[in-house]
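Heads up: the structure comes next, in structure tokens.
The values are calculated or read from the model by the stated rules, or taken from the named source; none is laboratory data. This structure is a prediction, so every number in the text was calculated from the model and none was measured. Please note: Cβ atoms are built from the backbone with ideal geometry, for glycine as well, and neighbour counts cover all protein chains shown.
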Amino acid sequence: MPVDGQAKLAVYKFSSCDGCQLSILDLEDELLALAERVKIAYFLEARRHVDPGPYDVGLVEGSISTPEEAERIIDVRRECKFLVTIGACATSGGIQALRNWADVEEYKRTVYAHPDYIRSLDTATPVAAHVLVDFELRGCPVNKYQLLEVLGAYLTGRRPQIPTYSVCMECKRSGNVCVMVAHGTPCLGPITQAGCGALCPSYHRGCYACFGPSDSAGPRSLCRFFMERGLARPDIVRMLRGFNGYLEPFKQTSDEYESDHIRYG
């Protein structure tokens, strides 16, 4: 934490869609107040000018998906005193991690006219698989107010207050009727960490687990519940392998259901 003056902030992009960086810019009025305490030293999404490091805080969006990124993240870690990964891609591998269950070389041959020009890792992994991360902030995209909470906590020298309970709690607070109980809609809300404000259930849709598994997630129990109501194993695998499919315990459970499908059909 800086003793006086402004903390130098750096924002980095790896393999991602830029949505979490846009969440920073979407802070609007809060961003003006934050600018009094934080100097945006490196943020190519927002400005061309770059102040040299080291930086007090580094925010990293995106998964590690190429050899160049695997090397670059080590340099980023050296530049930043406090490193925070933001969003599903940086904290779990994101949608890119779907390649981890597939043949990447086959994808290259199918998609690209000259696949020999493409340099890609066989797996897309979270930043924490490569370097030490001081704090992980989930979401697809990240919740902008949670991001503000993390930065504020750093500036005041306290631990961020980020909820780890499930989306069901947010549904109850919003007065939503449970989509599973009332409509039989498959929903991952009971095993997903809060942070979205129960956005999808509020519009009568099942949760897609954008914020990854909650602290007390029990995907095996929920998946048994789905199967008892007629959901097939392949459908359960697809549900778990979404935005945060490579995070435990989602990964382990989806692997088990895929193996069972291959074994029993």
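Figures for the structure shown
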| item | result |
| --- | --- |
| Meets criteria (in contact with a Pro (Cβ under 9 Å, 6 or more places away or on another chain), farther than 21 Å from Ile162 by Cβ and either of a type in the set (Ser, Thr, Tyr) or outside any loop (DSSP other than H, G, I, E, B) (or both)) for Met239 | yes |
| Flag for Thr66 being surrounded by fewer than 21 Cβ atoms within 10 Å (Cβ to Cβ), at pLDDT 95 or above, on the phi < 0 side of the Ramachandran plot and among the hydroxyl-bearing types (Ser, Thr, Tyr) | yes |
| Among residues of region 6-44, those that are among the aliphatic types (A, V, I, L, M), surrounded by 18 or more Cβ atoms within 10 Å (Cβ to Cβ) and not in a helix (DSSP H, G or I), counted | 7 |
| Residue within region 96-104 that is touching a strand residue (DSSP E or B) at 6+ places or on another chain (Cβ under 9 Å), under 26 Å from Leu148 (Cβ atoms) and not polar (S, T, N, Q) present | no |
| Residue in region 28-35 that is touching a residue at least 24 places away in the same chain (Cβ under 8 Å) and under 26 Å from Phe211 (Cα atoms) present | yes |
| Condition met for Leu147 (farther than 23 Å from Leu34 by Cα and within 22 Å of the chain's Cα centre (by Cα)) | no |
| Neighbours by Cβ (under 7 Å, 6+ apart or cross-chain): first from region 212-230, under 27 Å from Ile86 (Cα atoms); second assigned to a helix (DSSP H, G or I) and of a type in the set (Phe, Trp, Tyr) | Pro213/Phe250; Pro219/Phe250 |
